[in-house]
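Here's the structure, in structure tokens; my notes come after.
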Amino acid sequence: MRLRFAPSPTGQLHVGNARTALFNWLMARGAGATFVLRIEDTDFARSTKEAEGSAIDDLRWLGLSWDEGADAGGAHGPYRQSDRLHIYRAHAVELMSRGQAYHCFCSEEQLEMDRYQALRNMQPPKYVGRCRNISREEARKRIEGGDAAVVRFRVPDSDREIAFDDLVRGRVSFSSDVIGDFVLLRSDGVPAYNFAVVIDDALMEISHVIRGEDHISNTPRQLLLYEALGWKPPLFGHVSMVLGPDHSKLSKRHGATSVGEFRERGYLPEALANYLALIGWSPGENEELLPLDELAKRFRIEDVGKSAGVFDPEKLAWVNRHYLKLAAPDRLAQLALPFLQQLGWVVGDPGSGIRNPKVLEFLSRVVSVAASSVDRLDQVPARLHFLFDYSAGTALSNPSIRAEALEARGVIAALADELARAGALTDKEAFRAAAARVREKTGAKGKALFHPIRLALTGEPEGLELDLAVPLIEEGARLHHHVGIRAVFCASDRAAAFLDELEKADAGA
């Protein structure tokens, strides 16, 4: 068994295409088969090396690997279509020598007029066969005279059924009568999709073609080419499209649509891959959150649903939260680093990672705590503003915070006095003990006690649990001498500064 994924490097890798790649990979790995990566880059105006590299990088990021491909080599190369033009032309010549293909000189204007007339007559548009009977000699003279020509496949005249058993959809059939002579080679010698893909799949010995349902209408043309060339066609399976939550085609208006965008927003690769596998397929046994190797063991293309799959951002967030909780703290710190660097909280060359072991140890704890209450890593900074961006003056410029703080001035004053004498609150027990002493001094309990403490020490009305946040503040303050991380004010300095700013605000009022 041999399967392939063949992206066109004209832009970022769409999650729908990534899902198709994943299904091919799961099927191949589950069967111990060969998985091939082929690059279909014959759209020279739009294809770029950057897009090709990005697609390869995104596939690897998702955890996919391949046995043969443009960057891996193999016995069936080249694996980039731009390196195979001579192969397509040779097979086009072979078909023309047998009268199964011919040169067509029709202009775009003529073809458009034919199309318009067919639609006007309520008929399916197809090539009318204007150049079908031009002799090879006449065609040669016209080409030598400078006339532009494409090469068309001569669809057999007899009207017959073209059918195949789709691995996902069952029996699919078409009438050959609705298929006009289609283009094999454009006038510049570049192959059309249907021609190139047949040549490639046959010569690369692809046994199973798993692709999107938008290719179903291409299949009868490809089957005609397999027949004309005397090759056995592969088995086909056409998976449903991925739709947005409103059941329209997944597009930019739904938010992120490419693997790169989800990656940049801080989704983990194992989460996105796991979620994509669940769109239109279930691993069974009432289980959904499984690693790729286990998904591969359970995957059967016949179990993939025929109905369109809906991309549900909420379910993806749920899956990502699961994997965030499983991830190692130091890995989360490295992955969250770009988001912290963007705000200037951690300095260093982007992509260089965290090299200072003390800083890595601290950020591993900090990010791990923050990641436990977010959907994705780009939301981590919002949970850490209290740590790196604390400002008593900025906090009290908020009328709501100022009013609440003035009402609880006694608690804040007692907190400042207690922390000035208590020393660093380096763990939960030390913080709870200090809070208990403030309670004894003020009589404040519950929210009346802890909300003013939160305002004074974090500058925010809500956030991480205080017995988690305050030890992190103290640990960050001890790292002030380490280059590469923004200075963090300790709890006692925060309480004193907050009380001082509060008194100034009260006097100013």
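For segment 119-210, what does the convex hull of the Cα positions come to per residue, in cubic angstrom?
Cα-based convex hull of segment 119-210, divided per residue, equals 158 Å³.
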Tail beyond 18 Å, pair distance distribution of segment 207-359 (Cα, percent): 69
Backbone HN-Hα couplings from phi across segment 114-129 [Karplus 6.51/-1.76/1.60, Hz, Gly and Pro as x]: 4, 5, 4, 5, 5, 5, 5, 8, 6, 10, x, x, 7, 5, 7, x
No Cys partner within the rule (Cβ under 4.7 Å), the chain: Cys106, Cys490
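What length, rounded to one decimal in nm, is gained on full extension from Ser251 through to Asp467, with 0.36 nm per residue of separation minus their alpha-carbon distance?
Once the chain is fully extended between Ser251 and Asp467, it gains 73.4 nm.
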Calculated FRET value between Lys325 and Lys445, using beta carbons and R₀ = 22 Å, to 0.05: 0.10
Approximate spin-label separation Ser282-Glu144, in nm, with each point projected 7 Å along Cα-to-Cβ: 6.9
Cα gyration tensor shape of segment 95-156, rounded if a/c is under 1.5, else prolate or oblate by comparing a/b with b/c: oblate
Set of lysines with alpha-carbon distance to Lys504 below 23 Å, sequence-local pairs under 8 removed: none
For Lys249, residues with placed amide H under 5 Å, excluding near neighbours: Gly244
Theoretical ellipticity at 222 nm over the chain - DSSP helices of four or more residues, -39500 (n - 2.57) apiece, nearest 500: -15000 deg cm²/dmol
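How would segment 390-509 be classified by its alpha-carbon gyration tensor: rounded, prolate or oblate, with rounded meaning a/c under 1.5 and the a/b versus b/c comparison settling the rest? Can you show the working numbers first?
Details: a/c = 1.77, a/b = 1.20, b/c = 1.48.
It comes out oblate by the Cα gyration axes.
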Average accessible area per residue (Å²) across the chain - probe 1.4 Å, nucleic acids and ligands excluded: 46
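Could you tell me how many cubic angstrom of Cα convex hull volume the chain has per residue?
Here the figure is 210 Å³ per residue.
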5 angstrom amide H check on Gly212, placed H, neighbours 5+ away: Val239
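Compute the longest continuous run of the chain that contains no exposed trypsin sites (Lys or Arg not before Pro); treat a site as exposed when its DSSP state is not H, G, I, E or B and it has at most 12 other Cβ atoms within 10 Å.
161-354
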In segment 143-252, the GluC sites (Glu not before Pro) that fall in loop regions by DSSP, at most 10 other Cβ within 10 Å: none
Electrostatic dipole magnitude of segment 398-480 [Cβ: Lys, Arg +1; Asp, Glu -1; Cα centre; debye, to 20]: 280
Charge dipole (the chain, unit charges on Cβ, about Cα centre) - positive-most of Ala228, Phe388, Leu111: Ala228
Distance violations [Cα-Cα > 26 Å] among Lys49/Lys252; Lys252/Lys306; Lys325/Lys447; Lys252/Lys325: Lys325/Lys447; Lys252/Lys325
Estimated FRET transfer efficiency (Glu294, Asp43; beta-carbon r; R0 35 Å; 0.05): 0.40
Rough spin-label spacing in nm, given labels placed 7 Å along Cα→Cβ, for Glu213 and Arg136: 4.4
Coil-residue chymotrypsin sites (Phe, Trp or Tyr not before Pro) of segment 1-63, DSSP, other Cβ within 10 Å capped at 10: Phe44
Percent carbon-and-sulfur accessible area, the chain, ignoring ligands, DNA and RNA, probe 1.4 Å: 50
Using θ = phi - 60° and Karplus 6.51 cos²θ - 1.76 cosθ + 1.60, couplings along segment 175-191 (whole Hz; Gly, Pro as x): 9, 5, 5, 8, 9, x, 4, 9, 6, 9, 10, 6, 5, 8, x, 7, x
13 Å beta-carbon shell around Gly30, net charge (K/R +1, D/E -1): 0
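The values are calculated or read from the model by the stated rules, or taken from the named source; none is laboratory data. Everything numeric here is computed off the predicted structure, so don't read it as measured data. With ideal geometry, Cβ positions are generated from the backbone for all residues, glycine too; neighbour counts draw on all protein chains shown. Note: accessible area is taken over every heavy atom of the protein model, side chains too, but ligands, DNA and RNA are not part of it. Shrake-Rupley method; radii C 1.70, N 1.55, O 1.52, S 1.80 Å.
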